[in-house]
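Reading through the structure tokens given below for one structure.
Taken together, the values in this text are just the output of simple stated rules run on the coordinates, not laboratory data. On a predicted model such as this, the values are computed, not experimentally measured, just so you know. Here the Cβ is made from the backbone with ideal geometry for all residues, glycine too, and neighbour counts use every protein chain on show.
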Amino acid sequence: MPVSALGLLSLIWGYNWVVMKMALVDCPPLLFAALRVLGGAVVLLPLLRALGRPLAVPSLRYILPLGLLQSTGFVGFTLWALEYGGAGKTAILVYMMPIWLILFAWPLLGDRIHGLQWPALFLAFGGLFFILEPWHFHGRLQGTVMALLSGFCWAASALWQKRMSPPGTDLLNSTAWQMLFGGIVLGVVAVIVDPVSIHWTPRLMEALVYNAVLGNALAWILWGYALHRLPSGVAGMGTLLAPLVGVLASWGQLGERPGSGEAAGMVLIFLSLVLVSWQHLRPKEEMPIPSPQE
């Protein structure tokens, strides 16, 4: 059952890249990001009461920066990247988060790079080189830069949680509140940056329901269930299916067939993530818990 839950979770996260890409036809990226995050908070807050979890707002000194990093930055840059780039390519680049986490943790947490992390870094940056294709530079880097910034924010939010989370913090409670505060900021930025034009089509409504109910509420339940019953390293490796599902779904449904350079880069980055996760299967390692936003 835990393995089945992890498989369903990866399918939900992976296919959501196609759902989000299609939603941008009817809604500007930052506005959709705000609606997605706030919709998730609207679902999660009542769920806290139903599950008997604490409803009190965590320390604002902790939860506001977390919301800015994990919801405003991570989700905002993800949707912005999807406006310029393909769903599959964006998924792979965003999921480079563990690579940035390794690099950030060295100076900030004193966690030195070791073991399989070294070849993982070389593979990841080799993959990024192939995706950028500097020998065929065409000046269109917006999508790639936005996707990388999304991964940076995701990694920074993980470090913030690791260092600043108050003792006894309830993960579901802090997720709901950071989504609410981060979503409000996203909404303000969307009004300033994006033209406020939205078409309330069935496709858009389905995308919002998918993100709020499946991508957030159900995803958190499945993730918590799998993490509680499986070693954290195994659970972390299971989530690697999500970007792979994103690549295959965008190829099959959206016709986003990567070129030879992009394909090689995606494979190298995926292999680097496998190495990072494999290292965390060792008993004394602790797998960083990803946020179930994708």
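Observations on the structure shown:
- A simple count of charges around Gly143, restricted to other residues whose Cβ falls under 9 Å of its Cβ and scoring Lys, Arg +1 and Asp, Glu -1, yields +1.
- FRET efficiency for the Glu133 to Leu108 pair, using the beta carbon distance and R₀ = 22 Å, is estimated at 0.10.
- The Cα-based radius of gyration of the chain, divided by its Kirkwood radius, gives an Rg/Rh of 0.94.
- Comparing Lys21, Lys89, Lys162 in a Gaussian network model of the chain (Cα springs below 10 Å), the most mobile by mean-square fluctuation is Lys162.
- Listed residues Pro65, Pro54, Pro167, most fluctuating in the chain (Gaussian network, C-alpha, under 10 Å): Pro167
- Extension gain, Val188-Leu45: 0.36 nm per intervening residue step, less the Cα-Cα distance, totals 49.3 nm.
- Residue among Thr201, Thr175, Thr78 with the largest mean-square fluctuation in a Gaussian network model of the chain, springs linking Cα atoms under 10 Å: Thr201
- The chain, relative contact order in percent, only Cα pairs under 8 angstrom and at least six apart counted: 42 percent
- In a fully extended conformation the segment linking Ser165 and Leu241 would gain 24.5 nm over its present Cα-Cα distance, using 0.36 nm per residue.
- Shape class for region 123-231: oblate, because the ratio a/c of the largest to smallest gyration tensor axis (alpha-carbon atoms, square roots of eigenvalues) is 1.5 or more and b/c is at least a/b.
- The overall shape of region 7-60 is oblate: from the C-alpha gyration tensor, with semi-axes ordered a ≥ b ≥ c, the ratio a/c is 1.5 or greater and a/b is no larger than b/c.
- Axial C-alpha extent at least 20 Å, average Kyte-Doolittle at least 0.0 - helices from the chain (DSSP): 2-23, 29-50, 117-132, 142-164, 171-193, 260-279
- Inter-label distance, nm, simple model (7 Å from Cα along the C-beta direction), Arg203/Leu8: 2.8 nm
- Of Trp80, Ser165, Gly126, farthest towards positive along the dipole that unit charges on Lys, Arg, Asp, Glu beta carbons give region 2-279: Ser165
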